[in-house]
1. Using Cβ counts within 10 Å as a stand-in for footprinting exposure, how do A:174, A:40 rank, fewest first?
2. Can you give me the Rg/Rh ratio for chain B, using Cα atoms for both radii and the Kirkwood formula for Rh?
3. Give me A:24, A:138, A:158 ranked fewest to most by other Cβ atoms within 10 Å of their Cβ, as a rough exposure proxy.
4. Using a label point 7 angstrom from Cα along Cα-to-C-beta, what distances in nm, from shortest up, separate residue B:188 from the other copies?
5. Could you give, in nm with one decimal, how far residue B:60 is from each other copy of that position, shortest first, with labels 7 Å out from Cα toward Cβ?
6. Taking 0.36 nm per residue of separation and subtracting the Cα-Cα distance, what length does fully extending residue B:143 through residue B:19 add?
7. Nearest 10 degrees is fine. How inclined is helix A:15-33 to the longest principal axis of chain A, computing both from alpha carbons?
8. Rounded to the nearest 500, what is the 222 nm mean residue ellipticity of the protein assembly as shown from helices alone, with -39500 (n - 2.57) per DSSP H run of 4+ residues and division by all residues?
């Protein structure tokens, strides 16, 4: 009976779509139970697969964790990093990065938000050293992108008197923290949340 | 032999100091290994106690987690919340909250920073439901304090056109994210880091 309701048995769903759905569902459970406490059984159950069915896609829990993180970083690459290259003006590029990253987290541009996937990206302790280096490098590259945009603003005397590295961490902090407080059914829409982060990052909170 | 080097055998150390050192050391290990993977043995070893010695202070791992979180919230209360009450002007109060919270995390005003303790405060999944309610309530009270200061600024038309709830989350994000990026041996001193967070939160990054 289970298979008739299996969301992964749709003929139109590609293998990739199936995997992405597994990653999202697994990320959700890992956020709720913690990585160590989550079993492959929990995940199989959540995605409507038998344990054997899940192992057909994924070789184990650590493999799954690494795949979820790469899925998160791939989504960031496609939906945030690549589109930002369209803008030559650094201020426009920074706006594009913040807006698209907020939309990635709030799920404005996708069926579901990436909150759980974003949060699971902190679970680097569960990776092998080699996997950890790869994920940390991808995170570092993203940080460097934001830092370089701020540096470009500074070079053109368009940045206030702030340290570019600290400023890059502060921008990232506001965007990534969203994954911990944004509620899809809350008062603020994804567009309003993006606007709030932009306003604070660009103009600050207090009238001068 | 071990006991002669036991840092907790100093006659001057009060029971409270001993416990606080245990909480700091345990938080450090939990950050490195993850809460679920950390054993009472790991913690006993790190603080130079036998497992029996550790159980003399702490009844178990969950008890320890709850105590670390309360230690973190007690420190926040003493070093951030209480001192902020000295300021009647909301802008000065917000500055005091941000500065003191940054100093709590970077360890400017204490021997060691609270980074690991701050990070462990996210491990609410390891608590009983009753413990989790207590910790979440203390966190919520702190959030409400920041939000109320921003609301006061807004009421006096001293806040830019931002949503006070989103603004409160953005302030907290920058401060709490510090625990994940600030390096005590890095280029920026605790005072400089506090200045950077203040500048971004108050004035933003980009020249108007």
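All of the numbers you see were taken from the coordinates with simple rules; none came from a lab. As the structure is a computational prediction, the values presented were derived from the model and not from experiment. Note that we place each Cβ from the backbone using ideal geometry, even for glycine, and neighbour counts take in every protein chain shown.
1. Neighbour counts put them in this order, fewest first: A:40, A:174.
2. Radius of gyration relative to Kirkwood radius: 1.02.
3. A:158, A:138, A:24
4. Label-point separations across copies, in nm and ascending: 2.2.
5. Relative to the other copies, residue B:60 has label-point distances of 3.0 nm.
6. 41.9 nm
7. 80 degrees
8. Taken over the protein assembly as shown, the calculation gives -20500 deg cm²/dmol.
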